[in-house]
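Structure, as structure tokens:
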Amino acid sequence: MGKLFVIDGTDGSGKQTQLKKLEERLTKEGVDYKTVSFPNYDSPSSALVKMYLSGEFGDDAKQISPYIASSFYAVDRYATFKKDFEEYYNNGGVILADRYTTANMIHQAGKIDNKQERKEFLDWIWDFEFKLYGLPIPTEVFLLKMPTEVSLELMKDRENKFTHECKKDIHEKDKKHIIDSFNVACSLADNYNWYTVECVKNGEIRTIEDIHEEIFEEIKKKL
């Protein structure tokens, strides 16, 4: 079996940036790898995810069952894995993922206030994706812990800079959803033994390079 390293976190935490840094570093180090980003917008398998995020099923994410929304993402992951990564992974390949099942756990569990109901949902996701669909369990999950007040400012800056390209989805434009997802992500990291990367220290945002070095050093231990 191969290795699967997941970069996850709430919106605006720098997932794509850190994935890009890892690509550059592993290439430089001569490590063979493949990358994937979920949702896989280049694949037809993400059609229902696009409809959900664009608000075609409703503008309020919380009004859409986390079970239904999660099934959209799971199908996309299953199709992508079967078509693009299964053979490579089974032959010992290294995969870097920008989001994964963990993103469903963060964003969809954040919709559920009752702790017991949330646990039942998380158990369902685990069985659905890892047992029924047979998707690989991550070797390690890196949670980019960016406080919500900081991530909201970063998202605002990003939107101002790329107004012609950026249209917020139903998650990104719901501040309460972002806060709820962040709080759930922190508890998930403890419960599932994710590697938490503190993106802010002593009131200052850490540099991209500093965060990258921490992640890369941890990955090296698992290669």
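The values are calculated or read from the model by the stated rules, or taken from the named source; none is laboratory data. The structure presented is a predicted model; accordingly, all values stated were derived computationally and were not measured. Cβ: placed from backbone, ideal geometry, glycine included. Neighbour counts: every protein chain shown. Just so you know, the surface numbers come from the protein's heavy atoms only, side chains and all, with ligands and any DNA or RNA stripped out. Shrake-Rupley method; radii C 1.70, N 1.55, O 1.52, S 1.80 Å.
Taking the criterion of being open to solvent by less than 60 Å² (accessible area, probe 1.4 Å) and in a helix (DSSP H, G or I), the residues of segment 200-212 that qualify are 211, 212.
Results for (1) within 17 Å of the chain's Cα centre (by Cα); (2) within 29 Å of residue 58 (Cα to Cα); (3) open to solvent by 50 Å² or more (accessible area, probe 1.4 Å); (4) at pLDDT 95 or above, shown as yes or no for each residue.
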position	(1), (2), (3), (4)
84	no, no, yes, yes
87	no, no, yes, yes
127	no, yes, yes, yes
172	yes, yes, no, no
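In segment 182-197, the residues that are assigned to a helix (DSSP H, G or I) reach residues that are open to solvent by 30 Å² or more (accessible area, probe 1.4 Å) with C-beta atoms within less than 6 angstrom, at least six apart or across chains, in these pairs: 189/196.
Starting from residues that are among the charged types (D, E, K, R), under 21 Å from residue 217 (Cβ atoms) and in contact with a strand residue (DSSP E or B) (Cβ under 8 Å, 6 or more places away or on another chain), keep the ones in segment 6-45 and report whichever is least open to solvent (accessible area, probe 1.4 Å). Only one residue fits best here, namely 8.
Of the residues making up segment 214-223, those that are open to solvent by 60 Å² or more (accessible area, probe 1.4 Å) and free of Cβ contacts under 8 Å to residues at least 60 places away in the same chain are 217, 220, 221. For segment 33-48, taking the residues that are in a loop (DSSP other than H, G, I, E, B) and touching a helix residue (DSSP H, G or I) at 6+ places or on another chain (Cβ under 8 Å), the one that is farthest from residue 187 (Cα to Cα) is identified as 43. Of everything in segment 94-122 that is over 19 Å from residue 215 (Cβ atoms) and in a loop (DSSP other than H, G, I, E, B), the residue that is most open to solvent (accessible area, probe 1.4 Å) is 113. Of the residues making up segment 1-29, those that are closer than 12 Å to residue 211 by Cα and part of a loop (DSSP other than H, G, I, E, B) are 13, 14.
When only residues in segment 49-72 that are buried (at least 16 other Cβ atoms within 10 Å of the Cβ) and not in a helix (DSSP H, G or I) count, which is farthest from the chain's Cα centre (by Cα)? Filtering segment 49-72 for residues that are buried (at least 16 other Cβ atoms within 10 Å of the Cβ) and not in a helix (DSSP H, G or I), the one farthest from the chain's Cα centre (by Cα) comes out as 57.
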